[in-house]
Amino acid sequence: MEITMGIRIVIVFRYLLLLLSVVVLSACVIKSDKPISKADSDMYDTALNGTWYWKTSSETGFLHIGVESQGLYRILMVETNIDGKIDLEEYMAHISTIGANKYLNVLIDHKETDKGYLFVKYQVTKDGLELFIPDSSALEDAVESGKLKGTYSNNKRSTPRLVDSSERIAKFIGENDKKLYPEGKVLFRAKLEK
């Protein structure tokens, strides 16, 4: 059965961000026209570099993260499902900080007309790479209440797209971090034997 691109993006990010319960097949990823901040050539986190993995009963996945160019990371995700099918996704990202928190501005550009950023909070700990995907309902509420500017492609039943400024987005995330990112999941660093 062929999966539509919109559903595919949700599936990809569900596993990319470790099966967070807020992202299921019917959920939608809210993208933004603008990143939290512009890419900064001095903003590197060498702890991100490397290969990270997850494993569930139905699939195994690897997330390869490395430096692409000044201030940009390339993220390659390889998934192998239970049927042996392999999926490969590639993303570009850069880091933004708000207070003590770090975020990846992940550029989703599967279709030229649907490019946008997903803001993924992260932290590297002794246990691994902990990733947090924003709660879509919290972002939808922010658009509905006018706290963030957003547009709808067809009608209010569609997923909003953030069209606000980077400054307002950063301020909103800083003030609402706990509500936007309630739970993270950990990917483990792949270690090669010597």
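Overall size of region 55-194 from C-alpha positions, given as principal axis extents largest first: 54, 35, 32 Å. Comparing Cα centroids, region 111-185 and region 36-108 end up 17 angstrom apart. The phi torsions of region 160-173, fed into the Karplus equation with coefficients 6.51, -1.76 and 1.60 and a -60° offset, translate into couplings of x, 10, 6, 10, 7, 6, 4, 4, 5, 5, 4, 4, 4, 4 Hz, rounded to whole numbers, with Gly and Pro shown as x. Checking the cross-link pairs LYS85/LYS147; LYS38/LYS147; LYS115/LYS179; LYS31/LYS85 against a 31 Å limit on the alpha carbon distance flags LYS85/LYS147 as lying beyond it. Using a simple spin-label model with pseudo-atoms 7 Å out from Cα toward Cβ, THR56 and ASN101 lie 2.4 nm apart.
Accessible area of VAL124 (1.4 Å probe, protein heavy atoms only, ligands and nucleic acids ignored): about 60 Å².
The values are calculated or read from the model by the stated rules, or taken from the named source; none is laboratory data. Just so we're clear, the structure is a prediction, and the values are computed from it rather than from any experiment. Heads up, the Cβs are rebuilt from the backbone with ideal geometry, glycines too, and the neighbour counts pull from every protein chain shown. We work out accessible area using only protein heavy atoms, side chains counted, and drop any ligands, DNA or RNA first. Shrake-Rupley method; radii C 1.70, N 1.55, O 1.52, S 1.80 Å.
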